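Colleague: Could you have a look at this structure, given as structure tokens, before my questions?
The values are calculated or read from the model by the stated rules, or taken from the named source; none is laboratory data. The structure presented is a predicted model; accordingly, all values stated were derived computationally and were not measured. Note that each Cβ is placed from the backbone with ideal geometry, even for glycine, and that neighbours are counted across all protein chains shown. Each accessible area value is taken on the protein alone, full model and side chains, heavy atoms only, with ligands, DNA and RNA left out. Shrake-Rupley method; radii C 1.70, N 1.55, O 1.52, S 1.80 Å.
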Amino acid sequence: MKILLTVLSIMIAMPAFAATCSVDIEGNDMMQFNIKEITISKSCADFTVNLKHTGKLAQNIMGHNWVLTKTPDLMAVSTDATAAGLPNNYVKPGDTRVIASTKVIGGGETDSVTFSTSALTVGGDYTYFCSFPAHVALMKGIVKVTE
């Protein structure tokens with residue numbers, strides 16, 4: 001009976017250990033994200049990033065987006081993003097180095113992106129950043145992929 005109760009207790013608690021397959025992240029007028037690290041479980045088939053701009057400045061002045069790439073590709077993707085311009089949300093169209101990205105948003109706006117985790121590997125080296133010109137210097141963080 002004691003073993004049965006233990007097994008039942010574990011089964012009841014299991015949903016509490018389920019992976020969280022989304023994150024809420026904020027960017028502000030001081031060119032800062034409020035989170036520096038995101039953990040994605042491979043048990044999530046898809047992952048959603050909900051971006052909120054908590055500042056007041058317009059997207060053409062202090063816009064923010066969220067872009068995910070492999071860390072070695074970061075600077076080249078950022079350079080190409082600047083050339084792509086605001087009409088392309090500062091992401092080069094068709095750039096296969098970009099794993100996921102939101103649109104550029106201004107103060108008080110939100111955007112979300114949902115992407116498949118199938119291209120991510122446990123222990124891989126990933127960085128997220130804002131690709132608005134020059135924001136990458138301050139607005140970036142790491143993504144860890146776990147089992």
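Colleague: Are there any pairs, at least 6 apart or on different chains, whose C-beta atoms fall under 9 Å, with the first in the range 47-65 and of a type in the set (Lys, Arg) and the second part of a loop (DSSP other than H, G, I, E, B), and if so, which?
Modeller: Going by the 9 Å Cβ cut-off, the qualifying pairs are LYS52/GLY108; LYS52/GLU109; LYS56/ASP29; LYS56/GLY106; LYS56/GLY107; LYS56/GLY108.
Colleague: One residue is enough: does the range 65-81 have a residue meeting the conditions at pLDDT 95 or above, open to solvent by less than 40 Å² (accessible area, probe 1.4 Å) and either touching a His at 6+ places or on another chain (Cβ under 6 Å) or over 27 Å from ASP46 (Cα atoms) (or both)?
Modeller: no
Colleague: Does SER116 satisfy being crowded, with 17+ Cβ neighbours inside 10 Å and small (Gly, Ala, Ser)? Let's see the steps before the verdict.
Modeller: Numbers: crowded, with 17+ Cβ neighbours inside 10 Å: no; small (Gly, Ala, Ser): yes.
It is false that SER116 is crowded, with 17+ Cβ neighbours inside 10 Å and small (Gly, Ala, Ser).
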